[in-house]
Each structure stands twice: as structure tokens, then as C-alpha cells.
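The values are calculated or read from the model by the stated rules, or taken from the named source; none is laboratory data. Being a predicted model, the structure only gives us computed values, none of them experimental. Note that we place each Cβ from the backbone using ideal geometry, even for glycine, and neighbour counts take in every protein chain shown.
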């Protein structure tokens, strides 16, 4: 049993339970076909399933991959070890802020593709084949999301100044 993961999973499940209870307090509207609480509740069900899976896997005692154990064992205490340990998440946050700053210029389509590609390159495998896979994932996922929102739901997404797709 991994105690730390179990505690985190329980805290997340508690959060989901509180948010689920609060979702029934969302104000009712008369201008939509679905109640306003539908999408938050669907997301909370999905999050609850993921948190329960996290809890079960922590109780079953699955350990971290050997690579992570070696990194933690080799990491010397101090600020340099802390910086190297959290470099990728910090770079992903910086990439997100760059995405937000570039949104007026690139729009959601190009900016989203670039953001997903950069994050996959930061946290994924390295190499030319992996880069091609990252690019394919970025293009397909963001273009699919854009198409669903633009054509399926009729939601206006920022087009950007470089390419104006409407």
C-alpha cells in the first residue's frame, strides 16, 4: 500500500463529493435545452471514476517504475535537485502561459496544436519518430476539439490573426 497516494486519492474523492453536492445548487436556467448542472456532473462522474481507480491502485500496492525510483534515490537534497525534479512541470506551465499570450496571434487552432506538441515533447519520449507521433497527436486532438466546438456546438473559438477560419 502506498500511503501517500492513498491520502491524495482520498482527498481528491472528498473534493469530488463536495463538488457533486454543490452541483445540485447550480441555478436553474430557462434558456438552454440541458440543465446547467449537466456538464459539471458528467465531469465529476469521470473525475470520481479516475480518483477511485487511483485509490484502488494505491491500495493494491503498485510501485512506481524503476526509473522513478532511481531518480529519487540519486537526487541529492538541495535546491538544484528540486529544480531538476520539477523542471518539466514548470516548463509546461511556461508553455501554457506562452499559449495564452500567443492566442490573439495564433488562435485556438494553431496555438493549441503548438501547445500540445510542446508539452508532449517536454514530458514524452525523445527522437524523430516520437516527434512525428507528438505532431500527429497534437494535430488530430486539437483539430477534433476545434471541429466539435465550431461545427457541432456552434461555439465561437478565437481564430487568431494569422489564419482566420470561420
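Counting the residues of region 1-27 that are touching a helix residue (DSSP H, G or I) at 6+ places or on another chain (Cβ under 7 Å), touching a residue at least 40 places away in the same chain (Cβ under 8 Å), surrounded by fewer than 16 Cβ atoms within 10 Å (Cβ to Cβ) and assigned to a helix (DSSP H, G or I) gives 1.
Screening residue 118 on (1) at pLDDT 90 or above; (2) exposed (fewer than 13 other Cβ atoms within 10 Å of the Cβ) shows it passes everything except condition (2). Within region 80-108, residues that are at pLDDT below 85 sit with their Cβ atoms under 6 Å from residues that are surrounded by 14 or more Cβ atoms within 10 Å (Cβ to Cβ), at 6+ positions apart or across chains, in these pairs: 88/122. For the criterion of being under 30 Å from residue 153 (Cα atoms), surrounded by fewer than 14 Cβ atoms within 10 Å (Cβ to Cβ), under 24 Å from the mean Cα position of the chain (by Cα) and without any contact (Cβ under 8 Å) to a residue 24 or more places away in the chain, residue 43 passes.
Each row is one residue, and each column tells you yes or no for (1) at pLDDT 85 or above; (2) part of a loop (DSSP other than H, G, I, E, B); (3) in contact with a helix residue (DSSP H, G or I) (Cβ under 9 Å, 6 or more places away or on another chain).
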| residue | (1), (2), (3) |
| --- | --- |
| 42 | yes, no, no |
| 46 | yes, no, no |
| 51 | yes, no, yes |
| 63 | no, yes, yes |
| 69 | no, no, no |
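So how many residues does region 28-40 have that are in a helix (DSSP H, G or I) and surrounded by 13 or more Cβ atoms within 10 Å (Cβ to Cβ)?
Restricting attention to region 28-40, the residues satisfying the condition of being in a helix (DSSP H, G or I) are 38-40.
Okay, now just the ones that are also surrounded by 13 or more Cβ atoms within 10 Å (Cβ to Cβ), so 38, 40.
The qualifying residues number 2.
Answer with yes or no whether residue 125 is outside any helix (DSSP H, G or I) and either modelled with pLDDT under 90 or over 19 Å from the mean Cα position of the chain (by Cα) (or both). It is true that residue 125 is outside any helix (DSSP H, G or I) and either modelled with pLDDT under 90 or over 19 Å from the mean Cα position of the chain (by Cα) (or both).
Yes or no: residue 55 more than 17 Å from the chain's Cα centre (by Cα) and either at pLDDT 85 or above or outside any helix (DSSP H, G or I) (or both)? Walk me through it before giving the result.
Numbers: more than 17 Å from the chain's Cα centre (by Cα): yes; either at pLDDT 85 or above or outside any helix (DSSP H, G or I) (or both): yes.
Judged against the criteria, residue 55 is a match.
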